[in-house]
Amino acid sequence: MGIIFDKPLIGVVMCQNFIGSHAGQTVHNKYLDAIVLAGGVPLPLPHQLMQAPHLLENSMTVLDGILLTGSPSNIEPWHYGEDGREAHADPARDRLAFGLITHATGKKMPMFGICRGLQELVVANGGALHRQLHMTHLFQEHREDDALPLEKQYAPVHDVLPEVDGMLSQLLGSAEPFAVNSLHGQGIRETGPLLRVEARAPDGLIEAVSLPKHPFSLAVQWHPEWHSDRDPISRRLFTAFIHAAVCYHKEKQP
Ligand SMILES: N[C@@H](CCC(=O)NCCCC(=O)O)C(=O)O
């Protein structure tokens, strides 16, 4: 197959949405811009890839990495053994995200999860979520105030404390705490048997995990794509992700 990009091709999960009265799928520019800035080529992936056998598997042969984006929708709770429904669900996104995680894990394809993407990686690996963090009375407020302007919604509001000798602290060259934004109502309750905790908030909530024995499979609860051009830590996360995708691309070539 001819090389159509001299840069790694990164599959980006989209969200079910309405565009006017029409059902559609969307992804924020901030995710696409962060991939381009770090040297990758973003390819938004439609939920329809799950509608035919092997469509996803065949499509992944041209990808070099997967970005699991954030979303205001919540994973359907039956995926982690709970009853009930979510008022804002996106079942087709769930199906695609879990399909991508399964294939990328088997292929050791780089994955980077953000917010809902962290929750998807955890649930895909047998973990579970707190469905309403604020109702547990165990944690500080992690939701944004959506009445505020975006600059304030995505402003840093708490520190995260990287685990010493973890993948994140090694990637950053430091285990010193750093400030992050926070725009989520759900959170990690259990990581499942395989994932490694990479960082926690001061209240103990897990804020980052990684999949061991995988070249790059990192997921964070905050939003490093927000102003990734001006935040050094965000730049380093995306640069490491794209570097891992370049290595994957080279290794998969015949
Ligand atoms: N719905 C989940 C995940 C929250 C999340 O991803 N928020 C970001 C949405 C907008 C964006 O992509 O920037 C939860 O509430 O925990």
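The table for this structure:
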{"quantity": "Pairs, first in a strand (DSSP E or B) in the range 169-187, second more than 16 Å from the ligand (Cβ to nearest atom), C-beta under 7 Å, six or more apart", "calculated": "F178/D159; F178/I233; A179/D159"}
{"quantity": "Counted residues, the range 59-78 - those being open to solvent by less than 50 Å² (accessible area, probe 1.4 Å) and within 14 Å of the ligand (Cβ to nearest atom)", "calculated": "10"}
{"quantity": "Filter result for the condition that a residue is out of contact with any Asp or Glu (no Cβ under 8 Å at 6 or more places or on another chain), open to solvent by 10 Å² or more (accessible area, probe 1.4 Å) and of a type in the set (G, A, S), over A89, A52, A104", "calculated": "A52"}
{"quantity": "Number of the exception - T105 against (1) within 13 Å of the ligand (Cβ to nearest atom); (2) within 23 Å of F238 (Cα to Cα); (3) touching a residue at least 40 places away in the same chain (Cβ under 8 Å); (4) of a type in the set (S, T, N, Q)", "calculated": "(1)"}
{"quantity": "Whichever residue in the range 156-184 is open to solvent by 40 Å² or more (accessible area, probe 1.4 Å) and under 27 Å from P72 (Cα atoms) and, among such residues, is farthest from the ligand (Cβ to nearest atom)", "calculated": "P177"}
{"quantity": "Considering residues of the range 195-212 that are surrounded by 17 or more Cβ atoms within 10 Å (Cβ to Cβ) and assigned to a loop (DSSP other than H, G, I, E, B) only, the residue farthest from the ligand (Cβ to nearest atom)", "calculated": "L211"}
{"quantity": "Output for the range 230-254, where each listed residue is farther than 19 Å from P8 by Cβ and in contact with a Leu (Cβ under 6 Å, 6 or more places away or on another chain)", "calculated": "none"}
{"quantity": "Residue pairs meeting the criteria (Cβ under 9 Å; at least 6 apart or on separate chains; first touching a residue at least 24 places away in the same chain (Cβ under 8 Å), in the range 112-124; second basic (K, R) and within 11 Å of the ligand (Cβ to nearest atom))", "calculated": "R116/R93; E120/R93"}
{"quantity": "All positions within the range 6-31 that are outside any strand (DSSP E or B) and more than 15 Å from D90 (Cα to Cα)", "calculated": "D6, K7, P8, G20, S21, H28, N29, K30, Y31"}
{"quantity": "Subset of the range 110-167 that is of a type in the set (A, V, I, L, M, F, W, C) and assigned to a loop (DSSP other than H, G, I, E, B) - its residue that is nearest to G70 (Cα to Cα)", "calculated": "C115"}
{"quantity": "Flag for L56 being within 16 Å of the ligand (Cβ to nearest atom), within 18 Å of G106 (Cα to Cα) and not in a loop (DSSP other than H, G, I, E, B)", "calculated": "no"}
{"quantity": "Residues of the range 129-155 classified as away from the ligand (no atom under 13 Å from the Cβ) and either closer than 30 Å to H54 by Cβ or in contact (Cβ under 8 Å) with a residue 40 or more places away in the chain (or both), total", "calculated": "2"}
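One line per residue, one yes/no per condition, for (1) out of contact with any Cys (no Cβ under 8 Å at 6 or more places or on another chain); (2) of a type in the set (S, T, N, Q):
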position	(1), (2)
Q51	yes, yes
E57	yes, no
T69	no, yes
H79	yes, no
G106	yes, no
F112	yes, no
L121	yes, no
H134	yes, no
Q140	yes, yes
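The values are calculated or read from the model by the stated rules, or taken from the named source; none is laboratory data. Computed from a predicted structure; not experimentally measured. Ideal geometry is used to build each Cβ from the backbone, glycine not excepted, and the neighbour counts take in all protein chains shown. Each accessible area value is taken on the protein alone, full model and side chains, heavy atoms only, with ligands, DNA and RNA left out. Shrake-Rupley method; radii C 1.70, N 1.55, O 1.52, S 1.80 Å.
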